[in-house]
Amino acid sequence: MCTGNTIAGTKKSNKSSTATQKKATPKPEYIKSAVQVKVNGSKVIFTESPIVMNNTNLVPLREMAKALKAKTSWDSKTQTITVTKDKYKLIFTLGSKKVKVNGKEVTLQAAPKEIKGTTYIPLRVLVEGLGASLTSSGNTLTVKVK
């Protein structure tokens, strides 16, 4: 026969097993990258570390654009960043995986992202969109500007 004590004991048992279960930790949206970037042999010094998001290296835009001798402009109304150098032009929109590279729309694996005041841009599309090349060896990415 069931008694009130048995039911109370069951409830207590359920509570203690629930309390010991671990909640799943959400996967972080991005992680810091150990990547080093060199442009024409010179290491790029970033004030904030590059990150990896959706298996894509994103780098701080300002330092990378400066290293590539490109100009950047920001339109707060449209949330777009325009990067230009010579005949090359890229238009990024924060949070969008679509970018215009020299007039053609390209889909990215990871969208440009603003984190604590720093804008991060996918490295490969920035480099190649500005007419440079990118090669990798271990944790070092080498950019060659023509």
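The values are calculated or read from the model by the stated rules, or taken from the named source; none is laboratory data. Quantities reported herein were computed from a predicted structural model and do not represent experimental measurements. For neighbour counting, all protein chains shown are included, and Cβ atoms are generated from backbone atoms with ideal geometry for every residue, glycine included. Note: areas computed on protein heavy atoms with side chains; ligands, DNA, RNA excluded. Shrake-Rupley method; radii C 1.70, N 1.55, O 1.52, S 1.80 Å.
Calculate the length of the line joining the C-alpha centroid of the range 39-60 to that of the range 70-146, in whole Å.
One Cα centre to the other: 12 Å.
Which net charge results when you count Lys and Arg as +1 and Asp and Glu as -1 among the other residues whose beta-carbon is under 12 Å from that of THR93? Mind showing how you got there, number by number?
Values: positive: LYS77, LYS97, LYS98, LYS100, LYS113; negative: ASP75, GLU105, GLU114.
That sum, taken over residues with Cβ under 12 Å, equals +2.
Beyond 24 Å between alpha-carbons counts as too far, so tell me which of LYS100/LYS144; LYS66/LYS116; LYS27/LYS100; LYS27/LYS104 fall in that bin.
LYS27/LYS100; LYS27/LYS104
Quickly work out the LEU94-to-LYS144 label distance, labels modelled 7 Å from Cα along the C-beta direction, and quote it in nm with one decimal.
Using points 7 Å along Cα→Cβ, the separation is 3.6 nm.
For MET53, what charge total do you get from the other residues with a beta carbon under 10 Å from its beta carbon, if Lys and Arg give +1 and Asp and Glu give -1?
Neighbourhood net charge equals 0.
Assuming a ≥ b ≥ c are the square roots of the Cα gyration tensor eigenvalues, decide whether the range 49-94 counts as rounded (a/c under 1.5), prolate (otherwise, with a/b larger than b/c) or oblate.
It comes out oblate by the Cα gyration axes.
What ranking of THR142, THR47 comes out by heavy-atom accessible area, probe 1.4 Å, highest first?
Descending accessible area places them as THR47, THR142.
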